[in-house]
Amino acid sequence: MQCSIYILMDNTFATSAPDIASPEKPRYEVADVFNQYGDEYLKKKNKTSISQRKVMGAIKACRTAVLGGHVEECDNCGHQQISYNSCRNRHCPKCQGLTRERWVESRLSELLPIGYFHNVFTLPHVIHKIYYGNEKIIYSILFKAVSETLNLFAAKLLGGRLSIITILHTWGQLMQRHIHLHCIISGGAMSFDGKRWISSLDGYLFDVKELSKEFQNRYCKYLEKAYTKGELLFRGEASSLAFRKNFESFLADLRSNHWVVYSKKPFASPELVVEYIGRYTHRVAISNSRIVSIDDGMVKFKYRDYRDDGKQKEMEFSAEEFIDRFLDHVLPSGFVKIRYYGFLAGRNRKANIQRCKEILGDVDGLEERQGETYAEILFRLTGVDIFLCQECGEGHMNHKRDLMPCHRQRLNLQARILHAA
């Protein structure tokens, strides 16, 4: 009996589409780079962290026999297909599409019938001097400084609490380090007593220059506090900053830099907020669809040059440089990159949203939205029915038996990844 291989999306059902935005499988993948050059890379890089090696291992094993899967059979023609399990790692380019859509779906019931703003808070590149070993502190202070800045402005200028969703990104189009926080902010605030909705001015929330100044002051203050407590590590070229005088000079340089806060106009409708948020939530440093070629130790990929009107161009790196840049954006273990502030924070989130909708007269919005299954999401986005037999086009695919993970392959892969360096 003929057996064809199909891909399992997020450990659910089978589909031939690796990317929910397109039914066609990319010719090249990040996994291909790791498979061809990963072992050689790890032999050279003895400072690769355990987290980074685990990400490499997960991406290499994703949707292969190493992770197991299951066999399905058509109830009409008897055709069988194998669906391999996905790794579900948040850094894997193949595992984010459905996760993103499910996250966006859960946000629909939280939308208010108001305008929303998109602000971006960016750290100056000077901070890269102390990046290695301090990633978690640098990111945590960024969330703290931004949330406190927005909450302060909301309290002083609006007299209430905003709805704030923050999403951390650490890369640019060339996978270079570019640490910034995307913020989706409500165009108004709920009063502290929960009785009124206070709208912001039409098309305007807060002055970006004032936001930038407050953000800068708070970030530098918390960074200095971390230094005083001995929480910062100084390695390599940054070792001299362990001395107070040198660190104060570094802080002065940081304060003198231009701190960028970018603000876009409000979205035309709450629904566009969801569509827009979906572009940023579960992105990784580079998608498989952007890779053009992998040949002779070089990796070529597409990127957009925003300094040249967003034109699409191509860039080529050595495999070592490509892996270096990709792994540079692996987040610290357990670090949460999507966070909620204002009246979205804490246990009263659902009650606060419901209260805001009552005040704004959004009666329809009080109804709970029913979440889609992964199969329904795939069909809506790609038109692919994952239950339909790909062979006869009429039968329904039914689960027949499980395929256990290949533990020997998994152990061998883990051993190479964790101990190659």
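The values are calculated or read from the model by the stated rules, or taken from the named source; none is laboratory data. Everything numeric here is computed off the predicted structure, so don't read it as measured data. As a convention, Cβ positions derive from the backbone with ideal geometry for all residues, glycine included, and neighbour counts pool all protein chains shown.
Across the stretch 224-240, not a single residue is classified as assigned by TED's automatic domain parsing to the domain that holds Val274, of a type in the set (A, V, I, L, M, F, W, C) and in contact with a strand residue (DSSP E or B) (Cβ under 9 Å, 6 or more places away or on another chain). Screening Met190, Met175 for residues that are at pLDDT 95 or above, on the phi < 0 side of the Ramachandran plot and buried (at least 22 other Cβ atoms within 10 Å of the Cβ) leaves exactly one candidate, Met190. Counting the residues of the stretch 184-201 that are part of a loop (DSSP other than H, G, I, E, B) and either hydrophobic (A, V, I, L, M, F, W, C) or in contact (Cβ under 8 Å) with a residue 40 or more places away in the chain (or both) gives 7. Taking the condition buried (at least 22 other Cβ atoms within 10 Å of the Cβ), without any contact (Cβ under 8 Å) to a residue 40 or more places away in the chain and not β-branched (Val, Ile, Thr), does Cys62 pass? Judged against the criteria, Cys62 is a match. Meeting the requirement of 3 or more residues that are basic (Lys, Arg), the strands (runs of 3 or more DSSP E) wholly within the stretch 241-340 are 298-305. Filtering the stretch 255-303 to residues that are surrounded by fewer than 13 Cβ atoms within 10 Å (Cβ to Cβ), among the charged types (D, E, K, R) and modelled with pLDDT of 90 or more leaves Asp295, Asp296. Here's a check for you: in the stretch 136-166, which residue that is surrounded by fewer than 19 Cβ atoms within 10 Å (Cβ to Cβ) and not hydrophobic (A, V, I, L, M, F, W, C) is farthest from Ala242 (Cα to Cα)? Restricting to residues being surrounded by fewer than 19 Cβ atoms within 10 Å (Cβ to Cβ) and not hydrophobic (A, V, I, L, M, F, W, C), the top hit is Gly159.
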